[in-house]
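Accompanying notes for the structure given below.
Nothing in this text is a laboratory measurement; each read-out follows from the coordinates by a stated rule. Quantities reported herein were computed from a predicted structural model and do not represent experimental measurements. So basically every Cβ, Gly included, is an ideal-geometry build from the backbone, and we count neighbours across all protein chains shown.
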Amino acid sequence: MQDRKSLIKTKDLVYEYIRRDEEGNVENLTEAVSHVDLEVQPGDFIAILGHNGSGKSTLAKHFNSILVPSEGTVWIEEMDSADEKNLWDIRQKVGMVFQNPDNQIIGQVVEEDVGFGPENMGVPTKEIWERVEESLKTVGMYEFRKYSPNKLSGGQKQRVSIAGVIAMHPQCIVLDEPTAMLDPRGRKEVIRAVRALNDVEKMTAILITHYMEEIVYADKVFVMDAGKVVMSGTPREVFSQVEKLKELRLEVPVVTELAYELKKAGLPMPDGILDSREFV
Ligand code: ADP
C-alpha cells in the first residue's frame, strides 16, 4: 500500500495498447505509458504537458479507471483502480472533461445538460437545481442557462461541459486537452474557469495540454515524452529549461525564449520567465 494519503498515486504504471489479428495473435504493441510514478495531492493544480502521442491522454484515462494498468498500480485515494468494485466510487471522485465539447453535451438546454450527471447519481431534485446554478456560476455560464447548447461558442460549450462535471461534486477534475479545439478567446475562458475551480472552490485539477502557456498557473507540471515523465517541477523550473523543452518539441513562449537568449548573451535575466509582464 501507499505510505501517504495522496488523491491519486501511480506506481510503475505501464499501459500497452495491443492489436491482435483474427486468431488472437499480437500484431502490434504500443507502450503508451512507460513506468510512470506520480502523485497528486488534494487541492493541487497539476499540468501534464507533452507533444502529440507522448501518452498524456492514456495516462489521464487511468485517473478514473477508463483504462486500467497493464503493469503497475494506480490508486485513487486508497482504492486500487484495477479493482472493479471501486469503479463507481472512483468515477464519483474523479470527473473527466474531453477535447470535443460537442461529444459531451447531450441536453437540449444548458441547465438540463448540467443536471444530467447529478440526476443519474440519484441526487434529489431540489439539490440538482442548486448544483446546476452553482456550477454554471462557477464557470461564468449562468446567464446562458436557458440557451440551447448549439447556440454557444466552443469555449462556452466547453465551460458547460465543465459545469456538468462539477455538478457531480467530484474531488478532482481531469481535463484532457479541453482547449485543443478552441480559438484563443475560448481557450482563455476555459483556463480561467479551471483556475477559478481550483483557487476558489479548492477542487483538485489536472490539466492535460500541449500549450506551454496554459501551464503557468499550475502548482506542479509533469512533462511527458514517449510515455515517460521526463521533467517535473513548478512552471518556473520547467520554463527555465528552454533547450530541453525544444528537444521535446514543445513550443516555448516567445518571451521565455527571448529572456533565455538575452541571458545567454550576458544580460542579467532571471530564469524561467513565464509571460510578457514578467519579461518587462
Ligand atoms: P497524447 O495524449 O499525448 O497525444 P496518447 O495517450 O493519445 O498521447 O497516445 C500515446 C501513444 O499511444 C501514441 O503512440 C498513440 O498512437 C498510441 N495510442 C493511443 N490510443 C491508441 C489506441 N486506441 N490504440 C492503439 N494505440 C493508441
Exposed-site-free run, longest, the chain (rule: trypsin sites (Lys or Arg not before Pro); DSSP loop; at most 15 other C-beta within 10 Å): 6-145
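Find out how many positive minus negative residues lie around S70, taking Lys and Arg as positive, Asp and Glu as negative, among other residues whose Cβ is under 9 Å from that of S70.
Values: positive: none; negative: E16, E31, E71.
Charge balance near S70 sits at -3.
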Equivalent ellipsoid semi-axes, segment 234-280, via Cα gyration tensor eigenvalues times 5, rooted, Å: 16, 12, 9
In Hz, Karplus ³J(HN,Hα) per residue of segment 255-263 (6.51, -1.76, 1.60; θ = phi - 60°; x = Gly, Pro): 5, 5, 5, 4, 4, 5, 5, 5, 5
Residues E213, E71, sorted so that the one with the fewest Cβ neighbours within 10 Å comes first: E71, E213
Local electrostatic count, K146, Cβ distance below 14 Å [Lys/Arg +1, Asp/Glu -1]: -3
Reachable lysines, given that their alpha-carbon falls under 18 Å from the alpha-carbon of K137 and they are not under 8 places away in the same chain: K126, K146, K157, K188, K202
Rel. contact order, % - alpha carbon contacts under 8 angstrom, at least six apart, segment 234-280: 44
Which of W75, W129 has the fewest Cβ neighbours within 10 Å, and the rest in rising order: W129, W75
Environment charge at I166 (Cβ cut-off 10 Å; Lys +1, Arg +1, Asp -1, Glu -1): -1
Length-normalised contact order for the chain - Cα pairs under 8 Å, 6+ apart - percent: 21
Column: log10 I(q)/I(0), Debye, Cα scatterers of segment 136-280, q = 0.17, 0.20 Å⁻¹: -0.98, -1.20
